[in-house]
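The values are calculated or read from the model by the stated rules, or taken from the named source; none is laboratory data. These figures come from a predicted structure and were not determined experimentally. Every residue, glycine among them, receives a Cβ derived from its backbone with ideal geometry; neighbour counts consider all protein chains shown.
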Amino acid sequence: MPPPGWWSKNWKWCVPTLVVSGLVLIAGFFTMIFFAVFGLLKSSEPAKEALAKAMANPQLRSELGTPIEEGFMVNGNISTSNSSGSANLDIPVSGPKGKANIHVEAKRTSGVWNYSTLEATIEGKPEKIDLKP
């Protein structure tokens, strides 16, 4: 009888290692896509513009305190095609005194974003703060 081969000696640790490695690779792939999508939303022109207007708004700065910082999970969608597009975003922000959500609705025409809605809602307060100029 020939001596047992490598596979017959090592399959008990090799199979679980291969399965776990595959699962880690799949989880890593989906995590990378998740962060890429949220990174694109956060770095979009409407999100940057909304955050800049929020940080410059005296009423919001008074309510939240300074510095105002952007939250992690920007929700919504952006669709662009050549020089047109649309955006509908919710951007969480916070400061030392509280939290707020910035809601942005915008359309892009001829490469220029026009904001129909740009407002902040402070957590626990019903009134909205208009951030449009």
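All conditions in (1) in contact (Cβ under 8 Å) with a residue 12 or more places away in the chain; (2) in contact with a strand residue (DSSP E or B) (Cβ under 6 Å, 6 or more places away or on another chain) hold for S79, with the sole exception of (1).
Scanning the stretch 79-93 for residues that are touching a Lys or Arg at 6+ places or on another chain (Cβ under 9 Å) and either under 15 Å from H103 (Cα atoms) or of a type in the set (A, V, I, L, M, F, W, C) (or both) returns S86, A87, I91, P92, V93.
Are there any pairs, at least 6 apart or on different chains, whose C-beta atoms fall under 6 Å, with the first in the stretch 27-55 and within 10 Å of I102 (Cβ to Cβ) and the second loosely packed, with under 10 Cβ neighbours inside 10 Å and modelled with pLDDT of 90 or more, and if so, which? So the pair list comes out empty. Considering K9, K107, the condition of being charged (D, E, K, R), part of a strand (DSSP E or B) and over 22 Å from G124 (Cα atoms) is satisfied by K107 alone. Entry remark, the stretch 48-72: residues being surrounded by fewer than 14 Cβ atoms within 10 Å (Cβ to Cβ), assigned to a loop (DSSP other than H, G, I, E, B) and either small (G, A, S) or touching a helix residue (DSSP H, G or I) at 6+ places or on another chain (Cβ under 7 Å) (or both) number 1 in total.
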